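Student: Next up is a structure, given as structure tokens.
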Amino acid sequence: MATQVMLKPAPAPVSETGERKPRRRRLRGGNWPVTIILAVCSLSVFIPLYVTLAMAFKTTSQAVDGNAFSLPAPFSIDSFVQAWTLTNFPRSFTISVLIAAITVIGTIALGSFAAYAISHNWENKMFRWSFFYLLAAMFLPFPVVALSQVKLTAMVHLDNPLGVAILHIMFQLSFSVMLFTAFLRSIPSELEESARIDGAGTWQVFWRLVFPLLAPMSATVGIFAFLASWNDYMMPVLITADPALQTLPVLQNMFQTQFSNNYNVSFASYLMAMAPAIIVYLLSQRWVMSGLTQGAIK
């Protein structure tokens, strides 16, 4: 009779302390429902992007032939030249960059200052209720207070790009303080105590110790502030009194009225305005994910 050999499973690996580590299971295959949903969501982004790229390099006759998915034949950059001239791209691009830069710097600075004060004085009712007040401001959109903001900026002579940047900072402050506060609570208090023992003051502790540790969250706040400022249409069009100082999103509105048939020029202009935001996000994507995960885990 043939003897049956019983195969015993291999023992679990043993750690340095002598404890057996739990064996991890290997997953066979992925989660197909989630994969399908993600694929559909990806197509909803890539298809419009493909149409934008294809239409931007077409001629006017190709753009109106009714086939948006066809490739340009031949490729043409005349639409980019026309969009550059019609929107006065160098000037409008510079104004948009300046507004976005002021918004990012101001949001990071004021948000980190306020979050540091709130997180270190949480036992004080004034600071705690200030935090709740800022959170409540997140539910107050700009259209609700648009009329009052237009009148106030005109009264103080801030109906210009600088006034738009200041309003962008104010409306981004609530979300930024919430992110910074969550991140600051994950920093051990022993680090600051050791710095104070060495003779550092509050200002030195913040700039030399705390602010460098806020780099991932600062990048996260910065990219959100940049995208909100760069893509904003309503606030610049209502606040800025001089049409020559308008941003790119406002000037691109002409393609929906005056040049409604020049689809290739419209898409070329949209692509030129969209490219900086895509580049900034791709360069700072890892910082965004790192800042959000580190701020959520204490």
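Student: Probe radius 1.4 Å, ligands and nucleic acids ignored: give me the carbon and sulfur share of the accessible area of segment 156-208 as a rounded percent.
Tutor: Looking at segment 156-208 in its full context, I get 63 percent from C and S.
Student: Another question, then. Treating the beta-carbon of each Lys and Arg as +1 and of each Asp and Glu as -1, no other charges, what is the dipole magnitude of segment 60-176 about its Cα centre, to the nearest 20 debye?
Tutor: So the magnitude is around 420 debye.
Student: Would you list I36, I223 from the most to the least accessible area, probe 1.4 Å?
Tutor: From most exposed to least exposed: I36, I223.
Student: Short version: ³J(HN,Hα) in whole Hz for each residue of segment 81-88, in order, from phi by Karplus 6.51 cos²θ - 1.76 cosθ + 1.60 (θ = phi - 60°), x for Gly and Pro, what are they?
Tutor: Running phi through 6.51 cos²θ - 1.76 cosθ + 1.60 with θ = phi - 60° gives 5, 5, 5, 4, 6, 5, 8, 6 Hz.
Student: Given Cβ point charges of +1 (Lys, Arg) and -1 (Asp, Glu) and nothing else, what value in debye, to the nearest 20, does the dipole of segment 112-195 about its Cα centre take?
Tutor: It works out to roughly 340 debye.
Student: Positive end of the dipole of segment 88-214, charges at C-beta (+1 Lys, Arg; -1 Asp, Glu), about the Cα centre: which of M155, M138, A101 has its Cα farthest in that direction?
Tutor: The residue sitting farthest along the positive end of the dipole is M155.
Student: Counting heavy atoms of the protein chains only and a 1.4 Å probe, report the per residue accessible area for segment 144-213 as a whole number of Å².
Tutor: For segment 144-213, the per-residue accessible area is 57 Å².
Student: Could you run the Karplus curve 6.51 cos²θ - 1.76 cosθ + 1.60 with θ = phi - 60° over segment 124-134 and give me ³J(HN,Hα) per residue in whole Hz, x for Gly and Pro?
Tutor: My calculation for segment 124-134 gives 7, 5, 5, 5, 5, 6, 5, 5, 5, 5, 5 Hz in order.
Student: Whose amide H sits under 5 Å from the amide H of I187, counting only residues 5 or more places off or on another chain, with H placed in the peptide plane?
Tutor: The list, which skips near neighbours in sequence, is empty: none.
Student: If you plug each phi of segment 206-211 into the Karplus form 6.51 cos²θ - 1.76 cosθ + 1.60 with θ = phi - 60°, what whole-Hz ³J(HN,Hα) values come out, in order, with x for Gly and Pro?
Tutor: 5, 6, 8, 10, 6, 4
The values are calculated or read from the model by the stated rules, or taken from the named source; none is laboratory data. Fair warning: this is a prediction, and the values are worked out from it, not measured in the lab. Backbone-built Cβ (ideal geometry, glycine too); neighbour counts: all protein chains shown. Please note that ligands, DNA and RNA were not included when accessible areas were found on the heavy atoms of the full protein model with its side chains. Shrake-Rupley method; radii C 1.70, N 1.55, O 1.52, S 1.80 Å.
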